[in-house]
Amino acid sequence: FVSIGFAYAFPKGVAIFFKEIQDFFGTSYSEMAWVSSIMLATTYGAGPISSILVNRYGSRPVVMFGGLLCGIGMVSAAFCTSVLQLYICVGFITGFGLALNLQPAVIIIGKYFLKRRPIANGLAMAGSPVMLCTLAPLNQVLFDNFGWRGSFLILGAILLNCCVAGALFRPVGVAKQSVKNQMIEEGKEAPKEEVTKMSVEMSNPTYVPAETKVEEEEEKDCCEKINQYLDFSLFKHRGFLIYLIGNVLMFLGFFAPIVFLAPYAKHIGIDEYSAAFLLSILAIVDMIARPTTGIIANSKWVRPRIQYFFSFSIAFNGACHLLCPLASGYTGLVVYSIFFGLAFGMVCAMLFETLMDLVGAARFTSAVGLVTIAECCTILLGPPIGGTLIDTFGDYRYMFIKCGAVMVLAGTFLFIMNYYNYRMLAKEEKERKAKEENPKIVRTENEGRSNWNKETLQDGPELEPLRDEREGLKTEVNGT
């Protein structure tokens, strides 16, 4: 809850300082938007690195190290003298620390839960709106009392709480693995090793020593190790590819509205605290929406077709952005924040649950890493494109229209392609059952096997070369 909360909410909460930092350094909207973009893109782009570290060292040390990096990044940012230095400290260092919080937290939910996983995902994802609800007004108070530099120092200290959260990540299955490793080590040191080796060599004339096998399999081991951490065969998975394309398109307009919501409110003449309160309203609704969505997604009516629900949530999110330009005053923006918070919570609650539904828990770690690195490109480009539209037209409305149109398109694409995927899965399942239930196919195959065995038994020693040739042909047929 704490790890996911900081990972998602912090890049949005920092947006409170952007207008003041922009005035301080004399930069444009698009240049300031790169700070959040780089942070979000690093958080997602470092997904495979985080997945590899979790597979190698476990979730606990990775999250604790990530918390330490977050603290160092924000404390360093307090002493920055240019926007470029902010890109490095806030964007890359803090973003990488948040990546080491997000991935292990998402992965460990899949390890702990199975039956009620959608509810667990919804509750854990609720950490993001709770943190955002707290950080938005807190950041404004910190800025008023300490300025943006003092605020960054305090935020760096607050982010060190990620280390505390990481300490609570109880490892799963460590005891069994250590016992297994101990047995292997004991087996290596056993005095019977040479006797066993000699007996195997005597009984099996085709025995190949282990030394030669190691040399032959070195190249295979490298490929297997890479594939163990990142399963590239997922790119042949139809459902995974549909999810990946839809999400990459969606993230082009997913984060920009949150980054620019408070600056937009200030632009139309709303005071700082009221503008920050819009993010709090969004977060409160989001807080309720995520666990509620998890409960609905776990129901027997929705869970079998959860991909449709996810597609609807994305399209609903886009429709909210398209209607935002109609909100001229503060009341209109409050209504927009309520609906945006609902739609945003629905999408976030199912973001990883739908992926696990497609690929299964065993391949989920690899899938998360591959998806996040693909998504980081559009996450990186989304807010700066929005900032460029604001700089070009001098109006925030075009940015909201762009984001809404992109998300409606992504939701429509996912809905149509998931319909196609469900149809194909049903067809494949029907064909498989037909093969299992058809006795003629099974009987013919069994008869063929028995006849083949009879023929090979009847053949004498003088037909050995013919039998070898026939065996070769048989394996070729089976292979094709």
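Does A256 qualify as being closer than 22 Å to A15 by Cα, touching a residue at least 24 places away in the same chain (Cβ under 8 Å), crowded, with 23+ Cβ neighbours inside 10 Å and in contact with a helix residue (DSSP H, G or I) (Cβ under 8 Å, 6 or more places away or on another chain)?
yes
Would you check if there is a residue in the range 53-65 being within 17 Å of the chain's Cα centre (by Cα) and under 24 Å from P291 (Cα atoms)?
Within the range 53-65, one or more residues are within 17 Å of the chain's Cα centre (by Cα) and under 24 Å from P291 (Cα atoms).
Among helices (runs of 4 or more DSSP H) lying entirely in the range 43-156, which contain 3 or more residues that are open to solvent by less than 20 Å² (accessible area, probe 1.4 Å), under 30 Å from Q22 (Cα atoms) and among the hydrophobic types (A, V, I, L, M, F, W, C)?
59-77, 95-112
Against the conditions (1) open to solvent by less than 30 Å² (accessible area, probe 1.4 Å); (2) at positive phi; (3) of a type in the set (G, A, S), where does G26 fall short? Just the number, please.
(1)
Among the numbered conditions (1) of a type in the set (A, V, I, L, M); (2) open to solvent by less than 10 Å² (accessible area, probe 1.4 Å); (3) modelled with pLDDT of 80 or more, tell me where I16 comes up short.
All conditions pass for I16, except number (3).
Of the residues L389, L380, which single one is over 22 Å from R116 (Cα atoms), open to solvent by 20 Å² or more (accessible area, probe 1.4 Å) and at pLDDT below 80?
L380
Residues to consider are Y336, Y398; find the one that is open to solvent by 70 Å² or more (accessible area, probe 1.4 Å), without any contact (Cβ under 8 Å) to a residue 24 or more places away in the chain and assigned to a helix (DSSP H, G or I).
Within the list Y336, Y398, the selection yields Y398.
Can you confirm whether the range 277-290 contains a residue that is open to solvent by 10 Å² or more (accessible area, probe 1.4 Å) and not in a helix (DSSP H, G or I)?
No, that holds for no residue.
The values are calculated or read from the model by the stated rules, or taken from the named source; none is laboratory data. Values in this document were obtained by computation on a predicted structure and should not be read as measured data. Quick reminder, even Gly has a Cβ in these numbers, built from the backbone with ideal geometry, and neighbours come from all protein chains shown. Note: accessible area is taken over every heavy atom of the protein model, side chains too, but ligands, DNA and RNA are not part of it. Shrake-Rupley method; radii C 1.70, N 1.55, O 1.52, S 1.80 Å.
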